[in-house]
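In what follows, a single structure is set out as structure tokens and then discussed.
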Amino acid sequence: MEWNFDFDICAVAMMAVLVLYFLRKHDVPLRRNRIFFACVVSSISVALLDIVASVMSSYHDRFPVWSLYLINMLYYLAKALSPVIFYHYCHALTNKLDKFASIRIITSTIPLAATFVVVLSAPMNHYLFSIGETGFIYGPGRWVLFAEMMIYFALSCGHILMYRKVLKRVSIYSVMLYLLFAFAGHVAQIYFKYSQMSSFGVSIGLMILFISFQNPNYFIDKKTTLFSAEGFIEYYKEQLFLGRKVSVVTLSINEYKSILNLRGAEFIGNILEQFSVFLRVNFKRGTFFYFHNGRIFVIGWDDENLDEAFRLINKRCAEGFSNRWGETHFTMSYIVVPADIGVSNIDELNNLLLVADRDRMNNDGVLIVGQEQLESSRHEYEIERALKRAIMGEGLEVYYQPIYSTEKKKIVSAEALVRIHDDKLGVIYPDDFIWRAERDGSIVKLGEMVFEETCRFISENDLDALGLDYIEINLSPIQCVREKLANEFIEIVNRYGVRPGQINLEITESSTSDYSMVRENMDKLREAGMSLSLDDYGTGYSNLINVLNLPLQIIKIDKSILWAYFREGNEILLQVIKTFRYRDFKIVVEGVEDEKMVRELEELGVEYQQGYYFSKPVPKDKFLTFLKGFKA
Ligand code: C2E
Ligand code: MG
Ligand code: MG
């Protein structure tokens, strides 16, 4: 009988390309990459063994019988192994703790073991095949291999579907296509008994996986040709999942932003590429990942002499890099996260690096992260979680701090100041979370919640009877540039039946704000009857002209200016008071902590005072009690 193995030859050719690719290209050391390579190797072995067995069977009279048995048994063993490897590959794709881990061990071994028994016993019982006068003869047990394959395909398919939520859509589709083509190849082979099409089906399936997401370029960062951040994240998660500890070293170009601003993206892109080549050539042991803003992550430097590595890199950077647009020099900073420090997830690593970045400022370029930084990053992580919970409506509270009128000698208003209550951390202060909320945009929601809560407070308490003219509420610059801000606030005020005049909004200067939008909002709010203050006057104003053009009534002078006057005799306070009084603004001075300050501010003609001398910010009930008991 003539066997047709044309399809096998095509399959071998296709898979040989994949093997070459994998051998030539360095890839992120992920489990799924290794197992994929094993899939390719096992499939190419099946195809090659198939070709050899077919040739030998075609000329069976020239070979001893035992050798025909041997080659066919090898072929069947490899063929039985192949779908099992693919099943493991599917597991590596998800990297999730398997609820059925023990079942999986059984499922992944029993059908394979049974098939091995059938294959190995073929020379004795001729159940799977036999070698007769005409050469290779199929036995009645041919279905066993097909059934085994079907079991593993079904398990693979089930696993992928079970974990579809953690997989990218491209992975799901590609795996399904692989299974489809492999299945079709096997069915075709059964149908056309003497044409070897199963390996061809498998190789098309592998090609699909390779093209869609399994090729080594998948995790390559285009700019630097190092691996990408995504590759790092996948690697790091996998290592933690496997219970391994990883050390990470980060390399950061200190002047990245200024070079980018000055010379442009193309220039720095090219420099980064050169720098990356330098790293790859000189440090064979490390695997490098490019993040962004000139930061590179290195893994695999556990045995590297780090001091020597840093020295070498610093030397190279000092020599400078040049391209057709010019030349540049830069300096590097390094953060070392030792493996045994016990980082437990990728978010924690991120927070840890943020903390380390801040600590690095006072360092000579190398920071080895210790337990202290890990603790503080965990603390910050908790704050972030508390903030998220607060945004969901859990734990947000508004405190009130009284504002004293020098003229009327009584409390005439108050400032609403937000706090978060957390079971673990206790009271969290705004300095710890406002900037985070601004960074991720949740300040919009948070600000609205504070505004609404304050309106509720006003609607539930008769401000006139309490002697309060209005409550001051802080606004973040992020809120001020939102087109909908004024309308939303006016709607809330109306909903609670609050007189707009009972609200004063505090704004601060921002160097990036779009002042036409801010102005539009402030005009609307002003027209509706709310008043406006400029908060924190004296803390770095670069946009003062824009800010002072807004319809403001009150200027709040920052405590630092007050304290500078009382502690160092710095006279800026006097000048500021003079200037703003001359321009008819009302003035609030913050940070009044003792009687001496109260007296002197009174003499200077400051209308309003706010500070711990009168009261710290307190919850609303305490605030009401305070008002009742207050005596000038
Ligand atoms: P701010 O608006 O300048 O508020 C005054 C801050 O100074 C408050 O800090 C207050 O507790 C503190 N303070 C007042 N008097 C004294 C004093 O005599 N001595 C000392 N040492 N401190 C005094 P707090 O409550 O921690 O708020 C910090 C900042 O957080 C606020 O500064 C404000 O910019 C921001 N913030 C607070 N609540 C909100 C809010 O609801 N939204 C927004 N966007 N920011 C808020
Ligand atoms: Mg304020
Ligand atoms: Mg202030």
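General observations
- Using only side-chain charges placed at the Cβ, +1 for Lys and Arg and -1 for Asp and Glu, the dipole size of the stretch 196-314 relative to its Cα centre rounds to 120 debye.
- Theoretical FRET efficiency, 1/(1+(r/R0)^6), r = Cβ-Cβ of Ala13 and Asn549, R0 51 Å, to 0.05: 0.10
- Projecting the Cα atoms of Ser615, Leu552, Asn494 onto the charge dipole of the stretch 490-632 (Cβ charges, centred on the Cα centre) puts Asn494 farthest toward the positive pole.
- Gyration tensor (Cα) of the stretch 15-148, equivalent ellipsoid semi-axes in angstrom: 32, 21, 8
- Rounded to the nearest 0.05, the FRET efficiency derived from the C-beta distance between Leu74 and Arg34 at R0 = 25 Å is 0.60.
- The stretch 199-291: trypsin sites (Lys or Arg not before Pro) in DSSP coil with no more than 16 other Cβ atoms inside 10 Å: Lys222, Lys223, Arg244, Lys245, Lys284, Arg285
- Computed helical MRE - 222 nm, the chain, DSSP H runs ≥ 4 contributing -39500 (n - 2.57), nearest 500: -18000 deg cm²/dmol
- Each Lys and Arg contributes +1 and each Asp and Glu -1, all at the Cβ; summed about the Cα centre of the chain, the dipole is approximately 1760 debye.
- Spin-label model, Asp307 to Lys222: label points 7 Å out along the Cα-to-beta-carbon direction sit 4.3 nm apart.
- Histogram of C-alpha separations across the stretch 475-632, 10 Å bin width, %: 10, 34, 34, 20, 2
- Computed over the chain, the quotient of the alpha carbon radius of gyration and 2.2 N^0.38 Å is 1.41.
- Dimensionless Rg ratio for the stretch 1-93, taking C-alpha atoms and the 2.2 N^0.38 Å reference: 1.26
- Neighbour count of at most 14 Cβ within 10 Å plus DSSP loop: longest GluC sites (Glu not before Pro)-free window in the chain: 134-393
- Order of Met332, Met392 - criterion: other Cβ atoms within 10 Å of each residue's Cβ, fewest first: Met392, Met332
- Placing a pseudo-label 7 Å from each Cα along the Cα-to-Cβ vector at Glu571 and Arg263 gives an inter-label distance of 4.9 nm.
- Spatially proximal aspartates and glutamates relative to Lys237 (Cα-Cα < 17 Å; intrachain offsets below 8 disregarded): Asp27, Asp98, Asp340, Asp347, Glu348
- Order of His159, His329, His421 - criterion: other Cβ atoms within 10 Å of each residue's Cβ, fewest first: His329, His421, His159
- Between 0 and 90°, nearest 10: helix 515-528 axis offset from the chain longest Cα axis: 50
- Nearest-0.05 FRET efficiency for Lys596 and Leu624, computed from C-beta distance (R0 41 Å): 0.90
- Here the Debye sum runs over all C-alpha atoms of the stretch 115-173 as equal scatterers in vacuum, and log10 of I(q)/I(0) at q = 0.14 Å⁻¹ comes out as -0.55.
- In degrees, nearest ten, helix 346-360 long axis to first principal axis of the chain (Cα): 50
- The length gained by stretching the chain between Tyr127 and Asp347 to full extension, at 0.36 nm per residue less their Cα-Cα distance, is 73.6 nm.
- Relative to the longest principal axis of the Cα atoms of the chain, the long axis of helix 485-495 lies at roughly 70 degrees.
- The slack in the chain from Arg24 to Val277, taken as 0.36 nm per residue of separation less the alpha-carbon distance, amounts to 89.4 nm.
No lab work stands behind these numbers, since they all come straight from the coordinates. Keep in mind it's a predicted model, so treat the numbers as computed, not measured. Note that we place each Cβ from the backbone using ideal geometry, even for glycine, and neighbour counts take in every protein chain shown.
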